[in-house]
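The values are calculated or read from the model by the stated rules, or taken from the named source; none is laboratory data. Not measured: the values here are computed from a predicted model. When we count neighbours, we look across all protein chains shown, and the Cβ atoms used for this are built from the backbone with ideal geometry, even at glycine. The area values use the complete protein model at the heavy-atom level, side chains included, leaving out ligands, DNA and RNA. Shrake-Rupley method; radii C 1.70, N 1.55, O 1.52, S 1.80 Å.
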Amino acid sequence: MIWLTGGALIVCVLMVVGLLGLVVYFGASTFWPMPVVKLTTAGGKVYMGEITRRETFTPDGSSAPAHRRLVRTGNFRITQSHFQWVDDADVTEREEPEWAIIAERLEWGRYYGFPQAFVHMQMSLKDTPAEQVAARAAELLAAFKPEYGGRGRLLVEQFVDGRTQSALIEPSQFAPPMTAVGFVEACEEPAAAWAAFERNHEAVRARWRTRRAMEKDDIGQVNHAQEEARLAKHEAELELHDVRAASGPGGDAYRQAAARLEKAGENYEKTRAWAEARFAQISRKIKAINDENDRFMLLMKTAGEGDKPAVSTLEPLADIVRAYPANQLSWMGKFQVNAARWWEFLTDEPREANSEGGVFPAIFGTVVMTLIMTLVVLPLGVLAALYLREYAKAGWVVSTVRIAVNNLAGVPSIVFGVFGLGFFCYSVGGTIDQWFFRAALPNPTFGAGGILWASLTLALMTLPVVIVATEEALAAVPGSMRQGSYACGASKWQTIRRIVLPRAVPGVMTGAILAMARGAGEVAPLMLVGAVKLAPELPIDGTFPFIHAQRSFMHLGFHIYDVGFQSQNSEAAKPMVFTTTLLLIAIIAALNLAAVWLRARLRRKFVVSRF
C-alpha cells in the first residue's frame, strides 16, 4: 500500500511538473531571436526566413522516411503566405546572409529581406508632370546638401515582373512609364543604410507614439465631451416629451422643461463648436507629425519566394516596430531583442489579429476582474456560511440548501454565463439603462457585457467554494472557545466577531484562494458576459467617472482561445499560446501567493490549533 500510494503521488507530481515544464519551455523561448537562413532548392527556388520546426514524414509512394523544415518566410503582403515547408532532400544550398534583416511591422507581420537604402525624402514630385521630372530633379540635385552622408537620388516606381516596385535612379535616367515619387537622399550601401536607420528609427517611433497618444487620448476626450453634451440634449428632449404627455403644453413644468432643453441645446452647440476647433488643432499636429515621419523610409528587397523573383519595397520607418540583422547579433544582442519583445508583450496592445504585440489590456482585465470577483464573493460566501453554521437550525431546509450549494459547484461554467447574460446583462443592465441612460438607447450602456457583469457572474460561480471552505473553517474553531466567551458574558454576535471569525480567517482565505484560482482561468462564461477579442481601451482611465464598469474587456484565457483557434496564422500564433498561458499561470500564482502570505500572517496571529 505504501508503494501504491507513493507511486500515485509520484505520477501526479510528474504530470504537474511535466505540464508546467512544457509551458515554461515553449513559453519562455517564444521571443528568442533565431538566425535567418536562405535555402535554395534543386529547382532553383529560394526561401528565406526563420526555421521554426523540423519533422520527419513519409513521402507518397515511398517507404523511406524523409525530413523537412517549416520556414517562416513572412512578407505576407507580397507572397500571401507566412510559412513554407521545404524538404531537406531538395535543398542544394543553405546560407545565413550577413545582411538578412527581420523587420517587425505594425501591419502585415514580419518582413524578411535585405536593406538596399535608407531613404530621406527631400521633396515630393508626385504632382510634377512627367516631362518636367528630370529637369526638376536635376535642379534639386545641384542644390543638394547631404544630411546623413547619402547621395541625391530620384525615387521612382515602376512595374517589374508583374508588381509595382520602388527604385533609386539618377535624374537623367528617368523615363516613362516610370512614376516619380520624389527627390531623396539615399544611403545605398547595406552598412550605411542600416547605420542611418538605427540613428533615426527611435526618433521616428517617438513621434509615432506622440501621434498615437493624441489620437487615443486627446481625440477621445473631445469625442467624450461632445457625446456627453449630445446625450444631455437628448435627455432634455425626452423630459420635455414626458411632461407634454403628462400635463400637455403650457404650465410651469412644461416651461421649465423647455428652458432646460434650450439650455442643453445651447451647451451642445458650444461644445460642438469647441470640438470642431479642437479637432482641427489636433489634426494639424497629427498631420505635421505624419508629414515628418513620411520622409523616412527603408528600401528593402526580398530574397524571392519560391520561383518568384525578388521584390523591392519601401517600408516607412514609422511602421517598423523593431528591426535587427539576425545573423549579426551577438549573445548580448539576442538578449536585448528578447528583452524588448518581452517588454512589448507585457506593456503594449496587441496587433496583427492578436498574434503579435502585447497583451497588457488582457493582463489588466484579468487582474481587475479577478479582484472584483473576490471582493464580491468573499462577503457573500462568508455571510451565507455564518448563517448556515452559526444561526440556522438543523432541518430539512438547511439540508436542502447545503445540497443545493454542493450541486451548484458542479454546474458547468457555461450555464453561469447564460444566466449572467440573461439576468445581469439583459435584466439588471437593461433596467439601469432604462432608468439612468435612456438618452443613449437603443445603444446599451449597462445592458450588454461588461467587466462588472463578468465579475458578478464568476462570483456566483465560485460562491459554493467559499461557502464550503468557510463552513469548514467555522466548524474547526473549538466549541470550548465559544463556551468560554459565553461564560464571560459575551453575546452570540460578539462571540462570532471576536472569537470565531478571527480564528476562521485562515480557512476563509483558503476558500478565497480556490475561488481566485478557478475564476481567473474561466473562459466559457466570459465569452457571453463581456470578454472580447480586442478591447485596447481599459475600463479605468482619466475620463470621468474614471471607472467604467460597463466596458467590455480582454482576458488572458479568452486571448489564448482566440490566438490558438481563431487566428488567421495559426503557426505564427502557436508560440504566443504557450507564452500567454505561462503569463496566465504566473498571474494566478502571484495572486494566490499574496493570499497565502496573508493567510500565514493571520494564522500566526489568531490560530491556536490546526485546521
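Here are some notes:
- Efficiency of FRET between residue 392 and residue 79 - r from beta-carbon atoms, R0 45 angstrom, step 0.05: 0.05
- Each Lys and Arg adds +1 at its Cβ and each Asp and Glu adds -1 at its Cβ; summed about the Cα centre, the range 183-230 shows a dipole of about 180 debye.
- Packing order of peptides 162-172, 126-136, highest average first: 162-172, 126-136 (average count of other Cβ atoms within 10 Å over each peptide's residues).
- Convex hull projection area averaged over all views, the range 505-568, Cα basis, nm²: 6.2
- Largest first, the three principal axis extents of the alpha carbons in the chain are 106, 92, 48 Å in whole numbers.
- For the range 215-281, Kirkwood radius (reciprocal of mean inverse C-alpha pair distance, Å): 13.0
- Estimated dipole of the range 288-381 in Debye, rounded to 20 [Cβ of Lys and Arg +1, of Asp and Glu -1, Cα centre]: 360
- Here the gap between residue 566 and residue 406, fully extended at 0.36 nm per residue and compared with their Cα-Cα distance, gives a gain of 54.1 nm.
- Debye log10 I(q)/I(0) for the range 265-318, one point scatterer per Cα, at q = 0.17, 0.18, 0.28 Å⁻¹: -0.70, -0.73, -0.98
- Between 0 and 90°, nearest 10: helix 219-247 axis offset from the chain longest Cα axis: 50
- Residues of the range 370-471: accessible area per residue with a 1.4 Å probe, Å²: 50
- Ellipsoid equivalent to the range 1-42 - semi-axes via the Cα gyration tensor, in Å: 42, 13, 5
- Descending principal axes extents, the range 415-496, alpha-carbon based, whole Å: 62, 27, 15
- For the chain: relative contact order, % (alpha-carbon pairs under 8 angstrom, 6 or more apart): 15
- Estimated D of the range 124-234 in µm² per second, where Rh is the Kirkwood radius over Cα pairs and Stokes-Einstein applies at 20 °C, 1.002 mPa s: 123
- For the chain, a simple Cβ point-charge model (Lys and Arg +1, Asp and Glu -1, everything else neutral) yields a dipole of about 3020 debye relative to the Cα centre.
- Radius of gyration over Kirkwood radius for the range 275-392, both on Cα atoms: the Rg/Rh ratio is 1.26.
- For residue 53, the amide hydrogen comes within under 5 Å of the amide hydrogens of 70, counting only partners 5 or more places away or on other chains and with H modelled in the peptide plane.
- Förster radius 25 Å - calculated FRET efficiency between residue 544 and residue 267, Cβ distance, rounded to 0.05: 0.95
- Given their separation in residues at 0.36 nm each and the Cα-Cα distance between them, residue 172 and residue 67 gain 32.6 nm when the chain is fully extended.
- Solvent-accessible ranking of 580, 179, largest area first, probe 1.4 Å: 179, 580
- Computed from the C-alpha gyration tensor, the three semi-axes of the ellipsoid equivalent to the range 317-460 are 46, 24, 12 Å, from longest to shortest.
- Förster radius 25 Å - calculated FRET efficiency between residue 428 and residue 593, Cβ distance, rounded to 0.05: 0.15
- Between residue 55 and residue 279, the modelled label-to-label distance comes to 5.2 nm, taking each label 7 Å out from Cα in the direction of the beta carbon.
- Dipole of the chain, positive direction: furthest Cα of 178, 587, 441, with charges on the beta-carbon: 587
- For the Cα trace of the range 368-522, dividing Rg by the Kirkwood Rh returns an Rg/Rh value of 1.08.
- Against the main long axis of the alpha-carbon atoms of the chain, helix 451-476 sits at an angle near 40°.
- Residue-normalised convex hull volume from the C-alpha trace of the range 144-190: 82 Å³ per residue.
- Peptides 25-33, 567-575, 316-324 ranked from most to least packed by the mean count of surrounding Cβ atoms within 10 Å: 316-324, 567-575, 25-33.
- Part-to-part distance (alpha-carbon centres) for the range 342-381 and the range 521-551, which is given in Å: 9
- Candidate lysines for bridging to residue 393, where Cα separation is under 25 Å - those fewer than 8 sequence places away on the same chain excluded: 492
- Accessible-area order (highest first, 1.4 angstrom probe) of the listed residues 93, 198, 471: 198, 93, 471
- C-alpha long axis of helix 501-521 to longest principal axis of the chain, angle in °: 30
- Charge dipole (the chain, unit charges on Cβ, about Cα centre) - positive-most of 371, 248, 115: 371
- Mean Cβ neighbour count within 10 Å, used as a protection proxy, ranking 107-118, 452-463 highest first: 452-463, 107-118
- Taking the charge dipole of the range 448-530 about its Cα centre, with +1 at Lys and Arg Cβ atoms and -1 at Asp and Glu Cβ atoms, the residue from 466, 504, 529 reaching farthest to the positive side is 504.
- Semi-axis lengths (Å, descending) of the ellipsoid that matches the C-alpha gyration tensor of the range 203-345: 56, 17, 15
- You can think of it this way: the chain between residue 480 and residue 132 has 115.0 nm of extra reach, that is 0.36 nm per residue less the Cα-Cα gap.
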